[in-house]
Amino acid sequence: MAAGPSSTPKFSESELAEITAVFKSFDTDNSDTIDAVELETVLTKLKMSKTRKEIETLIKEVDKNMNGTIEFNEFLDIVWNIKQGKTSAESGFSRVYTKQKELIQVQGAAGSHSYAQEEVNAFAAHFNNCLGSDKELGYLIPIQGDNLDLCSKVGDGVLLAKFINVAVKDTIDERALNKRKPPTNAPLSKFQINENLQLVISSAKSIGVKVTNVGATEIYDGVKFPHIVLGLLWQLVKIHLLNSINLKNHPELIRLLEPGEELSDLLKLPPDQLLLRWFNYHLKKAKHKTINNFGGDVRDSDAYTTLLNQIAPNTCSLDPLKQSDLVQRAGMVLGNAKKLNVATIIKPTDICSGNPRLNLAFTAAIFNQCPGLDPLSEEEVKKAGLMDDDYGDSREERAFRMWINSLNLEDVYVNSLFDDLKDGVILLKVLDFVEKGIVDWKNVEKNPQNKFKRIANDNYAVVLGKQMKFSLVGIGGSDICDGNKKLVLAFVWQLMRRHTFKFLAEVQKKKFGGKDVTDEMILEWANDQVKMAGKTSTIKSYQDPTLATGVFFLELLHAINPKIVDWSLVTDGLKKEDALLNAKYAISVARKLGATIFLLPEDIVEVKPKMIMTLIASCMALAP
């Protein structure tokens, strides 16, 4: 986009940011132009519907180069004319701009922020669909979609906590959640709300949500920060819709393998890319051109019509293609989807506008209801190696993957630890984050196209790991490049451990007096805290079998905050099912205090020493 109109003075930085946000609300396919379809979509939402000829007239009013679309410079010119009083804000395209600006902007504490009302509407519908039967949410649901009702109703944390459990089952133990209690159902206090929001943020982080700039204040005052709330909600909705799109749940996805590819090539694809490949698989079978995105490539509904017909030819016809009006065609597509019992939260105009988020959500809903892939025979499963392989989804792999994602490193998101670390680039970025400045980026091949270059990066990572005194005996660059699970986990664990210790030393400077933190220090601290709180538990190591009951962790959390544990919910944990309940409760209570942890209840019950250490260290970081 151009920086400003060529024939007029430049706008201020804040004005330009505001205008850019409004322009992007029109330009939903990110083409840097506004065409007739996009303008029609906006007019429909503004309840200013016009004929196609009237829309073309509006464009001609702004379109100086007469190419049939509005470029950013032309958009700036009309805004400048409004500002200078040369054009009435209530006439022609100027009026459309003014109304759209009023619709999408909210004055927040940090200034003006834009949001897409169609996304608010869709997310509200999704929450209503998923949680509408929950009686505890009667004071929150139904959520209105045509305003910021959703941003208001997430304020006490209960709705968000419930949806996190929809997205990833059992993430939050609801016994740790503060709720309204009958018969009065009195609103929660600010203290209770803050605890809930701490629990929500820490729990969201543990399942891979990026929570940069997301704090309790931004959620509590969600109407002031709709852009932040909606960013958080989109990540949760995306996780919910894409969570089952993997080879573990759908082994028949190996049918998407292309010539020359191996199973590992498919495994490393993130769910949205796997979904795109699935879409194109069906388009290719129908001899239709493929798509590259869920935005502009699907807004004419041509690809959707073909996809649904390919999946269910007897139910979904190609009749929508006979309809020239794109909004009506999109409506027919949604009608076909409903015949397959696809739960749709989008509207025809959302398809036509090319909103990539909502079209991704719609495509995922189609897949989840009707993938249209032939199931594998037992022989095919064995041949693919899917029978015994856990696809790297071990609990350690999950914890380390979520930890890396939580660091919010630029251009870093790990979908599969063993596959995504193979070329060494992400591993080196994590090393440089944990030990700032250790990587000389002149020695790194940032886009390694062959195995030789990938191994060179991995060898460099091993050299740096040894400089950091990691135990890397028997680990070479080729092991990382080959995805050796045991050795990759060993390397990443030491990175996570170093990061944890450095963080502890920073927040507990007085306690450690500048000394390096050790495992023994953390263990001694934990035992001392429990003893000073008048509790009797004690542990000898991170492998102490008594840890399996979960009681020690709850006593440690009690020592940090005597009011945080409801002891009526705690048992002796001697039976496995009781121990698991204690462990679930302990994890949610720790997150309620603001702890960032990535372990699962099973890690406690099975006494996994690495994960146990991270939990105790996280508690230590919380201690006053």
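The values are calculated or read from the model by the stated rules, or taken from the named source; none is laboratory data. A quick note: this is a predicted structure, and the numbers were derived from the prediction, not measured. No Cβ is skipped: glycine too gets one built from the backbone with ideal geometry, and neighbour counts run over all protein chains shown.
Observations, loosely collected:
- Comparison of Asn314, Asn336 shows that the only residue that is surrounded by fewer than 20 Cβ atoms within 10 Å (Cβ to Cβ) and over 11 Å from Ile351 (Cα atoms) is Asn314.
- Boolean, Ala461 is without any contact (Cβ under 8 Å) to a residue 40 or more places away in the chain, outside any loop (DSSP other than H, G, I, E, B) and farther than 30 Å from Glu506 by Cβ: no
- Considering only residues in segment 191-218 that are charged (D, E, K, R) and at pLDDT below 95, the one that is nearest to the chain's Cα centre (by Cα) turns out to be Lys210.
- Within segment 178-200, the set of residues being in contact (Cβ under 8 Å) with a residue 60 or more places away in the chain and under 21 Å from Met402 (Cβ atoms) comprises Gln198, Leu199.
- Qualifying residue in segment 145-163 (condition: under 22 Å from the mean Cα position of the chain (by Cα), farther than 28 Å from Ser568 by Cβ, charged (D, E, K, R) and crowded, with 18+ Cβ neighbours inside 10 Å): yes
- Subset of segment 362-384 (residues that are at pLDDT below 95, part of a helix (DSSP H, G or I) and of a type in the set (Gly, Ala, Ser)): Ala384
- Residue in segment 533-547 that is more than 25 Å from Ser394 (Cβ to Cβ), surrounded by 16 or more Cβ atoms within 10 Å (Cβ to Cβ) and not aliphatic (A, V, I, L, M) present: yes
- Among the numbered conditions (1) of a type in the set (Asp, Glu); (2) within 26 Å of the chain's Cα centre (by Cα); (3) part of a loop (DSSP other than H, G, I, E, B), the only one that Asp350 does not meet is (3).
- When we screen Ile438, Ile426, Ile475 for residues that are free of Cβ contacts under 8 Å to residues at least 40 places away in the same chain and part of a helix (DSSP H, G or I), the only hit is Ile426.
- Every pair of residues 6+ apart whose Cβ atoms lie under 6 Å, when the first sits in segment 525-538 and is over 12 Å from Leu557 (Cα atoms) while the second is at pLDDT below 95 and buried (at least 19 other Cβ atoms within 10 Å of the Cβ): Trp525/Met620
- Residue match in segment 311-330 (condition: under 19 Å from Cys130 (Cβ atoms) and part of a helix (DSSP H, G or I)): no
- The residues listed here are Asn415, Asn447, Asn408; of these, the one that is in contact with a Pro (Cβ under 7 Å, 6 or more places away or on another chain), at pLDDT below 95 and in a loop (DSSP other than H, G, I, E, B) is Asn415.
- Any hit, segment 147-159, residues being without any contact (Cβ under 8 Å) to a residue 12 or more places away in the chain, part of a loop (DSSP other than H, G, I, E, B) and among the charged types (D, E, K, R): no
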